[in-house]
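Below: the structure, in structure tokens.
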Amino acid sequence: MNYPLRLGRLLLALLFCCAVASGHAANAASLEGFWKGPLKVPGGQLEVVFRLVSLTNGSYFATLDVPLQKISRLPVTVTTHGDTVVFEAEDVGSRFTGQLMASGKEVQGTWKQPGYSVPMTLQYAPPPISTAPKARLTPPYREEDVQYINSAANLRFGGQLTVPAGEGPFPAVVLVADDAGYDRDGTVGDYRLLGILGDYLTRRGIAVLRFDSRGAGQTGGTLATVDETIMDVQAALTYLRTRPEVNMSQLGVIGHGLGGNVALLTATQPLPPNFVVALAAHGQRGDALAVEQQANTLKSLGADEAQVEAAVKRQQSMMEIIQNTADVAQSRAIVANMIRQTNPSVDSVTARAGAVELTTRRYRSYLAFNPLSGLSGVKCPVLLLNGTADLNVTPETNLTALNKALKANNAVTTRKLPGVNHLFQGDPATWPIVNGVQRESFSPEAEEIIRQWIVGQLKKP
């Protein structure tokens with residue numbers, strides 16, 4: 001999971017609570033399904049999704065997703081009081097209060113967190129119906145579950161190789177998820193970022209290897225640092241070179257988020273790939289990007305400049321403690337204390353759990369990670385893509401910095417995609433409708449730009 005996003009998720013979760021108040025009688029059965037609301041922000045929006053399933057005892061099983069903040073399946077308690085319906089997460093302090101419209105399909109109101117608020121409307125969508133949930137059309141290419149070894153780490157990786165129809169050998173790419181802990185599809189909620197992209201490319205003549213990162217899926221070990229993931233991608237490239245279906249002179253790496261930085265740095269190692277595509281790669285040190293991401297999140301939720309400045313100062317103080325307190329136990333105790341002093345409603349167990357996550361070896365390593373160091377050694381063609389609606393890795397600061405660091409490479413192509421967010425989704429209005437519900441989708445424009453650019457590199461002598 002992307003480290004700035006992980007930090008944003010943690011800080012939001014420590015403050016999180018939601019409620020919906022209705023001015024009409026709320027029929028319990030009518031609440032089952034999805035309640036979705038976009039938080040309008042400059043250049044894009046932050047979608048909030050409540051999922052409600054009615055139980056036989058008249059209560060609900062409910063969860064909350066905020067896809068762009070990597071919040072998925074956050075438990076929510078649902079209670080009703082006359083004409084008021086409340087969605088609540090424990091040990092937190094925020095609220096959405098709204099008016100249920102006469103149609104029963106819309107709630108208009110205000111999302112509030114301590115010190116700020118933003119208007120938002122929730123729209124109802126019925127739960128998707130599938131009479132054959134495991135049914136899947138056979139794709140027009142070959143799929144093979146594979147395993148390969150990273151001998152340096154003595155670790156076996158699980159993954160899937162998809163090979164186009166025909167004899168080959170084919171150009172091939174390794175897909176790298178946004179930091180550690182992801183499965184081979186780069187799954188966020190119900191959205192399969194790498195699975196969708198891999199399918200698109202394989203259907204168009206490019207073999208694709210997707211792998212479970214350390215600690216996920218069929219891969220053992222513990223979650224990896226950036227340097228360890230670089231070695232994992234090198235092992236994936238080595239495996240592809242053993243496959244007769246793969247053209248060894250046309251190997252590439254495509255990475256998303258921090259995986260984009262891994263792709264770039266893999267190109268500075270022995271036996272580099274022939275080309276690299278970096279999607280929303282980081283262009284700042286981990287600590288600087290964590291601060292920027294948190295500030296953007298607060299602004300998107302309606303915080304004013306003074307509130308953002310105060311929150312940024314608290315976060316910077318916390319990161320200084322994390323980076324400069326050698327004793328991990330002391331660091332965790334201080335961070336837990338800071339969390340509770342910032343929000344007294346957070347209990348001691350939650351604060352300690354947050355402090356543990358923020359003081360791991362991996363997070364300390366990330367805060368000091370400089371994604372620009374060593375990029376002068378990238379000699380292969382590079383495609384850098386960012387979306388203008390990306391609030392987590394903004395193109396203005398990150399794409400500009402990467403371009404500057406790669407200035408010695410005359411084969412760098414840079415594109416900003418209007419309306420595309422960090423997960424490389426376009427405007428939700430353009431998403432396909434499946435079973436009456438819009439389904440999150442990888443931007444078709446981004447998919448085709450990636451394909452065309454790769455084909456262009458393959459045609460060069």
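The values are calculated or read from the model by the stated rules, or taken from the named source; none is laboratory data. Here the structure is a predicted model, which means the values were calculated and not measured. Glycine gets a Cβ as well: all are built from the backbone with ideal geometry, and neighbour counts include every protein chain shown.
Per-structure values
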read-out: Helices (runs of 4 or more DSSP H) fully within the stretch 259-357 counting 2 or more residues that are of a type in the set (Lys, Arg) and touching a helix residue (DSSP H, G or I) at 6+ places or on another chain (Cβ under 7 Å); value: 328-342
read-out: Filtered residue count, the stretch 148-189, keeping only those that are surrounded by fewer than 22 Cβ atoms within 10 Å (Cβ to Cβ) and of a type in the set (Asp, Glu); value: 3
read-out: Residue list for the stretch 158-191, restricted to those being more than 25 Å from VAL382 (Cβ to Cβ) and of a type outside the set (A, V, I, L, M); value: GLY158, GLN160, GLY166, GLU167, GLY168, GLY181, ASP183, THR187, GLY189, ASP190, TYR191
read-out: Residues of the stretch 165-183 satisfying the condition of being modelled with pLDDT under 95 and under 14 Å from LEU240 (Cβ atoms); value: GLY168
read-out: One residue from ASP232, ASP178 being in contact (Cβ under 8 Å) with a residue 24 or more places away in the chain and under 23 Å from SER441 (Cβ atoms); value: ASP178
read-out: Residue count for the stretch 174-201, restricted to those that are over 20 Å from THR266 (Cβ atoms) and of a type in the set (A, V, I, L, M); value: 2
read-out: Tabulated pairs, the stretch 309-330, first closer than 10 Å to ARG364 by Cα, second of a type in the set (Lys, Arg) and assigned to a helix (DSSP H, G or I), C-beta under 7 angstrom, 6+ apart or interchain; value: ILE322/ARG364; GLN323/ARG364
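Yes/no matrix, rows are residues, columns are (1) assigned to a strand (DSSP E or B); (2) over 14 Å from GLY259 (Cβ atoms); (3) assigned by TED's automatic domain parsing to the domain that holds MET248:
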| site | (1), (2), (3) |
| --- | --- |
| ALA172 | yes, yes, yes |
| ASP183 | no, no, yes |
| TYR200 | no, yes, yes |
| LEU209 | yes, no, yes |
| GLY215 | no, yes, yes |
| LEU223 | no, no, yes |
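Each row is one residue, and each column tells you yes or no for (1) outside the structural domain of ALA280 (by TED's automatic domain parsing); (2) under 30 Å from ALA329 (Cβ atoms); (3) free of Cβ contacts under 8 Å to residues at least 40 places away in the same chain.
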| residue | (1), (2), (3) |
| --- | --- |
| THR360 | yes, yes, yes |
| GLY377 | no, no, no |
| LEU384 | no, no, no |
| LEU391 | no, no, no |
| PRO395 | no, no, yes |
| ASN409 | no, no, yes |
| PRO432 | no, no, yes |
| SER441 | no, no, no |
| GLN452 | no, no, yes |
